[in-house]
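Only one structure is covered here, and it is reproduced in the block below.
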Amino acid sequence: NGKQLLEKFLPSVVQHSDEANLYVIDNASSDNSIHWLQQQYPEITIIQLSENLGYAGGYQQGLKSVEEPYYFLLNSDVEVTENWLQPILDLFTDTNIAAIQPKILDYKKPEYLNMRVLAVV
């Protein structure tokens with residue numbers, strides 16, 4: 001039920017993520033998020049779960065449908081900026097790196113760090 005968050009934050013992800021195939025895992029929402037996504041962003045793959053499995057369960061089940069070399073997990077309330085993805089991809093050329101936590105600034109207080117995103121191989 002995050003249509004309002006998607007409307008606000010997804011445009012930055014789409015605009016600044018040319019290097020990525022984008023997926024949205026829908027954790028059995030009951031609002032019209034899916035319809036909105038289909039209309040506004042037909043290029044995004046939507047993975048619809050039949051029941052709400054909670055935060056971790058939703059990711060675990062949804063990622064079973066994604067076949068990509070890397071996963072960049074973003075919540076629906078994350079805004080990205082230009083060139084956010086390439087430095088992370090560049091770091092993954094080091095085979096000793098399995099996970100990366102970029103510096104995340106709080107949306108309402110950008111002078112504060114907000115650690116909530118994790119990229120996993």
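The values are calculated or read from the model by the stated rules, or taken from the named source; none is laboratory data. Because the structure is a prediction, the values reported are computed rather than measured. Cβ atoms come from the backbone with ideal geometry, glycine included; neighbour counts cover every protein chain shown. Heavy atoms of the whole protein, side chains included, go into the accessibility calculation; ligands, DNA and RNA do not. Shrake-Rupley method; radii C 1.70, N 1.55, O 1.52, S 1.80 Å.
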Approximate spin-label separation residue 20-residue 50, in nm, with each point projected 7 Å along Cα-to-Cβ: 2.9 nm
Percent antiparallel among DSSP beta bridges confined to the chain, nearest 5, equals 60 percent
Compute the angle between helix 54-63 and the longest alpha-carbon principal axis of the chain, please, reported from 0 to 90 degrees and rounded to the nearest 10. 80 degrees
Spin-label point model (7 Å from Cα, Cβ direction): what's the residue 30 to residue 105 distance in nm? 3.8 nm
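Write down the accessible area per residue of the chain in Å², having rolled a 1.4 Å probe over the full set of protein chains. Display every interim value, and only then the final one.
Working: 8030 Å² over 121 residues.
About 66 Å² of surface per residue is accessible.
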How much mean residue ellipticity at 222 nm does the chain get from its helices, if each DSSP H run of length 4 or more adds -39500 (n - 2.57) and you divide by all residues, to the nearest 500 deg cm²/dmol? -8500 deg cm²/dmol
Given charges at beta-carbon only (K, R positive; D, E negative), |dipole| of the chain in Debye: 360 debye
Expressed as an acute angle from 0 to 90° and rounded to the nearest 10, what is the orientation of the C-alpha long axis of helix 3-15 relative to the principal long axis of the chain? 40 degrees
Round to a whole number: what % of the accessible area of the chain belongs to carbon and sulfur, probe 1.4 Å? 48 percent
When the Karplus curve 6.51 cos²θ - 1.76 cosθ + 1.60 is applied with θ = phi - 60°, which whole-Hz ³J(HN,Hα) does each residue of the range 72-86 get, with x for Gly and Pro? 10, 8, 10, 6, 6, 10, 10, 9, 10, 10, 3, 6, 6, 8, 4
